[in-house]
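Coordinate-derived values only; no laboratory data. Treat the numbers as computed from the prediction; the structure is a model and nothing was measured. For neighbour counting, all protein chains shown are included, and Cβ atoms are generated from backbone atoms with ideal geometry for every residue, glycine included.
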Amino acid sequence: MSGEMQRRPLEDADLGELESRVQELVWEFTRRSLGLGPGQAPATVGEADGDDQIRAVRLARAAVCRYLERFTGSAVLDDLFEVMLHRGADFHDVEGVLGPDYGWSEQLHLKLGVEVPRRTHTVIVIERGKASDGAPDGETDAYEADRGPWDLDAEARAEARHAVVTENGAVRRVYLLQGWEEAGPERWHFTGPELSRQGVQTAYLRRALPFERDEQRREFRWEGPSGAVPGARVQEFPCRCK
């Protein structure tokens, strides 16, 4: 086949279709592992009834998902090794696909025997001395207060991937930065969704952000010094991602 092919990010509709098909595939093989025939209940995970049935269905689906996770993880690494060893791809190409927070660097180092560039992450830390400092009640009001405007230079806006809102060092909200809107000379609003509780937990487990776990208070705390004055600051930290 002649001609150069270019990868494009999947649109939201494509991602939705992909997720739907994967869910259908997982459920099909979950039913097989449970020995369920055509038309035999439960027809969906949500229709499982009673502790015994729910336990069996959930464990069976978890086993299928775990196999799929291992299979896809192996396929990702196989593709990376192939294109980096034989097809001229570099770390910039890989990062463009997987992002800087994916735990591929150590695997590539071990398999390819080359040093992966050590990276630093840039994050916008929004310190609030207490819950009432510029963060009104309600999710929408909190988002509008958190997003600024802030005095941030072009480099910080280009490099930062997350904004973390803290109150006396405790992590209250984390946003995935997707863009910036100018609000005045050197004053900017960020745009981007708030990470779910599961998303914050994932960032902690992968060490994509420097959180500490306070088990007694059941909360995450931001490592490093807190700002003396409420406001936004730029902080860099070495990549420790898994």
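Descriptive notes on the structure:
- Per-residue Cβ neighbour counts within 10 Å put V76, V94, V164 in the sequence V76, V94, V164, beginning with the fewest.
- Contour excess over end-to-end distance, with Cα ends at E28 and A183 and 0.36 nm allotted per residue: 50.7 nm
- Taking label positions 7 Å along the Cα-Cβ direction at both L36 and E4, the computed distance is 4.9 nm, reported to one decimal.
- Taking packing as the residue-averaged number of other Cβ atoms within 10 angstrom, the listed peptides 68-74, 42-48 run from highest to lowest as 42-48, 68-74.
- Inter-label distance for A75 and T202, nm, one decimal - labels placed 7 Å from Cα along Cα-to-Cβ: 1.8
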